[in-house]
Amino acid sequence: MRIRVAGVGLTKFGELWDKSLLDLALEASRDAISDSQLAISRIDAVFVGNMLIGKIAGQDHLGPVITSSLGLNCASFRIEGACASGSLAVHLAIQGILAGTYQHVLVVGAEKMSDAPTSQITWALMGASSSKERKAGLTFPALYALIAQAHMQKYNTTREELAYVSVKNHYHASLNSKAQYPFEITEEKVLNSSLISSPITLFDSSPITDGAAAVILSADDSRRLPAGRQVYITGSAVASDTIDLAERESLTELKATQIAGKIAMEQAGVSIKDIKVAEVHDCFTIAEIMAMEDLGFCSKGAGGKFITGKSTRLGGKCPVNTSGGLKACGHPVGATGVKQIIEITEQLKNRAGQRQVKGANIGLTQNVGGTGATVVVHILQI
């Protein structure tokens, strides 16, 4: 059985003061249902990806909040896996369809981060780290700074290579009306921005974001397909690693990305050379460099040069983060993994407008929880 992406819905990403989390989730969900041309009564289950709502607003029972607001009485689940919550929700929805339990599933990822002070958001996000790291006073910019320092020391990765990741992703975002920061920036702007934790600066970092993304996933039924190009998820894999960086064998790779990527590509029957477009988890610029290496786009240590060589820019061999990525499109943490699925779907359907990748027929998404304790990889094909 193949899993079809039957419909997609995506809100604007940004600081959306006039909308609640429920407003955003319902907007994306209704758009996805409309795009699927599916009667809402045929939805068998709703999977909600969300990380922070319990800590920010005290609302932990999010599944029924959304289903009841949609007028549904079907099964509902809230899935939490740090910044990989959205992709985990997609993965579990796929398992439900493959098991024959459900035929049509709504997956919605949503997060409302701008309603809380930055200090509270920082505290809430650190729930994805180890207790030892929290006691040491570390935050995620600091943790990724340690990773970046190790990578720079071992492979001579440069500060300019890190900066180019932001420059490239802002260029892509300038072509995306849904992006939080739809404008270009310069390398100098990144290098001269406020230092957060050396070598990570403000413009090396993804922002605090509000937004929601939704997809309708359906069991393939070739007798009832609507007109147009169809997109299928042919690989879906999850892997994990130690939650504490200090317990890992290496700080210069995410083992969970390597494992999940290998499994997902084997499921889909493709290799990394077949991937024409990808959305990867660039929460900080070093994360995209490492994703290129861990997924096999380039050899270990060559990620910085691979990206600055423009292979991953629109017009290159395999454009990466055509949405603008987490850095420029925005990072509403529970929605990011679902947004990645939507961006690849739009690319494969030739609906990506100015950022369309020519000949895109196979795409990949990589969504990371924390510093790689959870990684989800999906393969999409037409």
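The values are calculated or read from the model by the stated rules, or taken from the named source; none is laboratory data. Everything numeric in this text was worked out from a predicted model, so none of it was measured. Note that each Cβ is placed from the backbone with ideal geometry, even for glycine, and that neighbours are counted across all protein chains shown.
Can you tell me which residues in region 1-16 are outside any strand (DSSP E or B) and either closer than 14 Å to V90 by Cβ or modelled with pLDDT of 95 or more (or both)?
Scanning region 1-16 gives T11, K12, F13, E15, L16.
Taking D282, is it more than 26 Å from R4 (Cα to Cα), under 18 Å from the mean Cα position of the chain (by Cα) and part of a loop (DSSP other than H, G, I, E, B)?
Yes; evaluated as a whole, the condition is true for this residue.
Of the numbered conditions (1) under 30 Å from L98 (Cα atoms); (2) over 21 Å from the mean Cα position of the chain (by Cα); (3) not assigned by TED's automatic domain parsing to the domain that holds T11, D220 satisfies every one except a single condition; which is it?
(3)
So how many residues does region 25-56 have that are within 17 Å of G7 (Cβ to Cβ) and either assigned to a helix (DSSP H, G or I) or not hydrophobic (A, V, I, L, M, F, W, C) (or both)? Show your work before the answer.
Kept after step one, since they are within 17 Å of G7 (Cβ to Cβ), are these residues of region 25-56: 25-49.
Still in the running and either assigned to a helix (DSSP H, G or I) or not hydrophobic (A, V, I, L, M, F, W, C) (or both): 25-37, 40-42, 44, 49.
Looking only at that region, the number is 18.
Quick one: is E293 of a type outside the set (K, R) and either assigned to a loop (DSSP other than H, G, I, E, B) or more than 21 Å from K168 (Cβ to Cβ) (or both)?
No, not satisfied.
I'd like the residue in region 179-216 that is part of a loop (DSSP other than H, G, I, E, B), touching a residue at least 24 places away in the same chain (Cβ under 8 Å) and within 23 Å of the chain's Cα centre (by Cα) and, out of all such residues, is nearest to V280 (Cα to Cα).
We begin by selecting, within region 179-216, every residue part of a loop (DSSP other than H, G, I, E, B); these are 179-186, 192-194, 198-199, 206-209.
Next cut, touching a residue at least 24 places away in the same chain (Cβ under 8 Å) only: 179-182, 198-199, 206-209.
If we keep only those that are within 23 Å of the chain's Cα centre (by Cα) too, we end up with 179-182, 206-209.
Numbers: A179: 16, Q180: 17, Y181: 18, P182: 18, S206: 13, P207: 16, I208: 18, T209: 17 Å.
In this case the residue turns out to be S206.
Among the numbered criteria (1) surrounded by fewer than 20 Cβ atoms within 10 Å (Cβ to Cβ); (2) more than 28 Å from I53 (Cα to Cα); (3) out of contact with any strand residue (DSSP E or B) (no Cβ under 8 Å at 6 or more places or on another chain), which one does S177 miss?
Of everything listed in (1) surrounded by fewer than 20 Cβ atoms within 10 Å (Cβ to Cβ); (2) more than 28 Å from I53 (Cα to Cα); (3) out of contact with any strand residue (DSSP E or B) (no Cβ under 8 Å at 6 or more places or on another chain), S177 misses just condition (2).
Any chance you could count how many residues in region 98-125 are under 22 Å from S41 (Cβ atoms) and among the aromatic types (F, W, Y)?
From region 98-125, those under 22 Å from S41 (Cβ atoms) are 99-108; that's our starting set.
If we keep only those that are among the aromatic types (F, W, Y) too, we end up with 102.
Total meeting the criteria: 1.
Does S236 qualify as being hydroxyl-bearing (S, T, Y) and surrounded by fewer than 18 Cβ atoms within 10 Å (Cβ to Cβ)?
no
Given the residues R355, R313, which is the only one that is modelled with pLDDT of 95 or more, surrounded by fewer than 24 Cβ atoms within 10 Å (Cβ to Cβ), touching a Lys or Arg at 6+ places or on another chain (Cβ under 8 Å) and under 17 Å from A179 (Cβ atoms)?
On the way: R355 fails: touching a Lys or Arg at 6+ places or on another chain (Cβ under 8 Å).
Result: R313 is the single residue among R355, R313 that is modelled with pLDDT of 95 or more, surrounded by fewer than 24 Cβ atoms within 10 Å (Cβ to Cβ), touching a Lys or Arg at 6+ places or on another chain (Cβ under 8 Å) and under 17 Å from A179 (Cβ atoms).
Among A99, A45, which is the only one that is without any contact (Cβ under 8 Å) to a residue 60 or more places away in the chain and farther than 26 Å from I121 by Cβ?
So the residue among A99, A45 that is without any contact (Cβ under 8 Å) to a residue 60 or more places away in the chain and farther than 26 Å from I121 by Cβ is A99.
Before we move on, is G49 modelled with pLDDT of 95 or more, under 12 Å from D210 (Cα atoms) and touching a Ser or Thr at 6+ places or on another chain (Cβ under 8 Å)?
Here the answer is no, as G49 does not meet what is asked.
Looking only at region 109-159, filter to residues that are of a type in the set (S, T, Y) and in contact (Cβ under 8 Å) with a residue 60 or more places away in the chain; which one of those is farthest from L251 (Cα to Cα)?
S114
Would you tally the residues in region 252-275 being assigned to a loop (DSSP other than H, G, I, E, B) and surrounded by fewer than 19 Cβ atoms within 10 Å (Cβ to Cβ)?
The number of residues fulfilling the criteria is 3.
Could you tell me whether region 318-329 includes any residue that is assigned to a strand (DSSP E or B), in contact with a strand residue (DSSP E or B) (Cβ under 9 Å, 6 or more places away or on another chain) and crowded, with 21+ Cβ neighbours inside 10 Å? Break it down stepwise before answering.
As a first pass, look at region 318-329 and keep what is assigned to a strand (DSSP E or B): 320.
Then keep just the ones that are in contact with a strand residue (DSSP E or B) (Cβ under 9 Å, 6 or more places away or on another chain); that gives 320.
If we keep only those that are crowded, with 21+ Cβ neighbours inside 10 Å as well, we get 320.
Yes, because at least one residue in region 318-329 is assigned to a strand (DSSP E or B), in contact with a strand residue (DSSP E or B) (Cβ under 9 Å, 6 or more places away or on another chain) and crowded, with 21+ Cβ neighbours inside 10 Å.
Just a yes or no: is a residue in region 288-299 out of contact with any Gly (no Cβ under 7 Å at 6 or more places or on another chain), under 17 Å from L162 (Cβ atoms) and either free of Cβ contacts under 8 Å to residues at least 24 places away in the same chain or small (G, A, S) (or both)?
Checking region 288-299: at least one residue is out of contact with any Gly (no Cβ under 7 Å at 6 or more places or on another chain), under 17 Å from L162 (Cβ atoms) and either free of Cβ contacts under 8 Å to residues at least 24 places away in the same chain or small (G, A, S) (or both).
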